[in-house]
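This report concerns only the one structure given below.
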Amino acid sequence: MRIRRVQLHTLALPLVTPFRTSFSTQTERRVLVMELKAAIDGQEVTGWAECGALTEPVYSEEYTEGVIDVTARHLLPRLVAAGAVGPLTAETVAEHLDKVVGHRMAKAALETAVLDAQLRAAGLSFKDYLGVTRDRVPSGVSVGIQDSIPRLLDTVAGYLDEGYQRIKLKIQPGWDIEPVRAVREAHPDVPLQVDANAAYTLVDAAHLSRLDAFDLLLIEQPLGEDDMRQHAELAKRMSTPMCLDESVVSATAAADAIQLGAAQVINIKPSRVGGYLEARRIHDISRAHGVAVWCGGMLETGIGRAANAALAGMPGFTLTGDISASGRFYKEDITEPFELVDGHIMIPDAPGLAAVPDPERLAAATVASVDLPL
Ligand code: NPQ
Ligand code: MG
């Protein structure tokens, strides 16, 4: 393929309700959407992708302005140069970019847009590319920190009425035991898990082990991104399965976490690990070790939600993911909205990986666009 044009659009999408976690309170999602035009076997095709990075480096070290800069200066020039001398396919992108250290969310957006263009040119759906046989996946929801427990109970009840199959509660010091107890007492049988976004340290082990009383599916990322050994230590002191998110940035990190006993479950986010191909590698390694995985979310628009639904259709995704309906976060998505169907999200089977954004909605949400020099 020959890359013809790459644009990065910055979109501002208001959230239906503020989303509060231990690291931020978001009222708007500012997201980068990549539009990549390429010539493939004589066809002019457009590949779409979105980048998981937030505007601030508070979930991970990457942030939107940094993604634009590293893509323009260091990633795209290498890809174009590689395409000029040899085969450029989605499967070769990571190798062409491996001299650039880190910047996984930026790399993921490029690899994903190339993969989307490639699949469109081939008339192949991402579902078929992955060999997925399911037509839908169960849908879970991530519930932010609320102002009060009654407010939390109302919010959870609303999501259960909508049909969500699993509830994830954000926790942090001062908002953990009591909110979880209240939800468990109100819903004795609901599949329930918590996510701390690295808000605790090993000093909190005894306190965190009090969560063992609530029959949780898992506790997600209680400790720091770099605290792999400490997660293994904490896992010995809790009966609740340990799940890693921020710490698992690659297949190698996944293998380390499993070997060390730091993860009994892994939250797979394609953007966090450098793309869907590395995400598949983590799926395969985890499955080989009998470690369950599920698909995490970065408040994707329909572009990323479509691809995540296909990935979550793979056999090793045995736990319900954070692939919610578009309406969980957005009053109006930029693609055809994803709706819950009996608590499930349907897996798209159209050619390509991403859902194509509606041009009017895309333009309406776009606050800035850069045309990257080739
Ligand atoms: C997580 N996702 O699992 C992340 C955290 C998160 C659904 O909880 C803008 C973009 C704001 C991505 C806030 C969920 C975000 C964000 C929180 C991701 O840890
Ligand atoms: Mg998480």
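The values are calculated or read from the model by the stated rules, or taken from the named source; none is laboratory data. If you're wondering where the values come from, they're calculated on a predicted model, not measured in any experiment. All Cβ positions, even for glycine, are placed from backbone atoms using ideal geometry, and neighbour counts span all protein chains on display. To get the accessible areas, we keep the full protein, side chains included, count just its heavy atoms, and leave off ligands, DNA and RNA. Shrake-Rupley method; radii C 1.70, N 1.55, O 1.52, S 1.80 Å.
Pull up segment 143-157, narrow it to residues that are part of a helix (DSSP H, G or I) and of a type in the set (Val, Ile, Thr), then point me to the one that is surrounded by the most Cβ atoms within 10 Å (Cβ to Cβ). For segment 143-157, the residue satisfying everything is Val156. Determine whether Gly140 is of a type in the set (Gly, Ala, Ser) and open to solvent by 10 Å² or more (accessible area, probe 1.4 Å). Considered against the rule, which asks whether it is of a type in the set (Gly, Ala, Ser) and open to solvent by 10 Å² or more (accessible area, probe 1.4 Å), Gly140 comes out as no. Selection of segment 160-177 for residues being under 14 Å from Leu208 (Cβ atoms) and open to solvent by 20 Å² or more (accessible area, probe 1.4 Å) yields Gln172, Pro173, Gly174, Trp175.
In this structure, is Gly275 away from ligand 2 (no atom under 16 Å from the Cβ) and open to solvent by less than 10 Å² (accessible area, probe 1.4 Å)? Here the answer is yes, as Gly275 does meet what is asked.
Checked against (1) among the small types (Gly, Ala, Ser); (2) in a loop (DSSP other than H, G, I, E, B); (3) crowded, with 21+ Cβ neighbours inside 10 Å, Ser286 passes all but condition (2).
Scan segment 221-242 and tell me whether some residue there is open to solvent by 10 Å² or more (accessible area, probe 1.4 Å), farther than 30 Å from Phe126 by Cβ, within 15 Å of ligand 1 (Cβ to nearest atom) and out of contact with any His (no Cβ under 6 Å at 6 or more places or on another chain). Among the residues of segment 221-242, at least one is open to solvent by 10 Å² or more (accessible area, probe 1.4 Å), farther than 30 Å from Phe126 by Cβ, within 15 Å of ligand 1 (Cβ to nearest atom) and out of contact with any His (no Cβ under 6 Å at 6 or more places or on another chain), which makes the answer yes. Scan segment 357-366 and give yes if some residue there is of a type outside the set (Lys, Arg), under 22 Å from Glu162 (Cα atoms) and either open to solvent by 10 Å² or more (accessible area, probe 1.4 Å) or more than 16 Å from ligand 2 (Cβ to nearest atom) (or both), otherwise no. No, segment 357-366 has no match at all. Looking across segment 82-100, the residues that are in a helix (DSSP H, G or I) and at pLDDT 95 or above come down to Ala90, Glu91, Thr92, Val93, Ala94, Glu95, His96, Leu97. Comparison of Ile345, Ile334 shows that the only residue that is of a type in the set (Val, Ile, Thr) and more than 23 Å from Gln193 (Cα to Cα) is Ile334.
This table checks each residue for (1) assigned to a helix (DSSP H, G or I); (2) touching a residue at least 60 places away in the same chain (Cβ under 8 Å); (3) among the hydrophobic types (A, V, I, L, M, F, W, C).
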{"site": "Ser271", "(1), (2), (3)": "no, yes, no"}
{"site": "Gly274", "(1), (2), (3)": "no, yes, no"}
{"site": "Leu277", "(1), (2), (3)": "yes, yes, yes"}
{"site": "Arg280", "(1), (2), (3)": "yes, yes, no"}
{"site": "Leu299", "(1), (2), (3)": "no, yes, yes"}
{"site": "Thr318", "(1), (2), (3)": "no, no, no"}
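Looking across segment 26-59, the residues that are open to solvent by 20 Å² or more (accessible area, probe 1.4 Å), in a strand (DSSP E or B) and either within 16 Å of ligand 2 (Cβ to nearest atom) or of a type outside the set (Val, Ile, Thr) (or both) come down to Gln26, Glu28, Arg30, Glu35, Lys37, Gln43, Glu44, Trp48, Glu50. Residue count for segment 331-356 under the criterion of being open to solvent by 80 Å² or more (accessible area, probe 1.4 Å) and part of a strand (DSSP E or B): the result is 0. Every test in (1) of a type outside the set (Ser, Thr, Tyr); (2) within 24 Å of Asp245 (Cα to Cα); (3) in a helix (DSSP H, G or I); (4) open to solvent by 10 Å² or more (accessible area, probe 1.4 Å) is passed by Pro77 save one, and that test is (2). Selection within segment 101-137: residues that are assigned to a strand (DSSP E or B) and not hydroxyl-bearing (Ser, Thr, Tyr). The member of this set that is surrounded by the most Cβ atoms within 10 Å (Cβ to Cβ) is Val137. Among residues of segment 121-146 that are on the phi > 0 side of the Ramachandran plot, those with a Cβ under 9 angstrom from a residue that is open to solvent by 50 Å² or more (accessible area, probe 1.4 Å), sequence gap 6+ or separate chain, pair up as Gly123/Pro351. One residue stands out among those in segment 264-282 that are of a type outside the set (D, E, K, R), more than 25 Å from Leu8 (Cα to Cα) and under 14 Å from the mean Cα position of the chain (by Cα): the one that is farthest from ligand 1 (Cβ to nearest atom), which is Ile282.
Total residues in segment 196-214 satisfying the condition of being acidic (Asp, Glu) and exposed (fewer than 14 other Cβ atoms within 10 Å of the Cβ): the figure is 1. Among the residues making up segment 79-108, a single one is under 22 Å from Gly313 (Cβ atoms) and touching a strand residue (DSSP E or B) at 6+ places or on another chain (Cβ under 8 Å): Ala108.
Taking the numbered list (1) within 16 Å of ligand 1 (Cβ to nearest atom); (2) of a type in the set (A, V, I, L, M, F, W, C); (3) surrounded by fewer than 20 Cβ atoms within 10 Å (Cβ to Cβ) in turn, Leu192 passes all entries but (3). Only a single criterion out of (1) within 28 Å of Gln7 (Cβ to Cβ); (2) in contact (Cβ under 8 Å) with a residue 40 or more places away in the chain is not satisfied by Ala312, namely (1).
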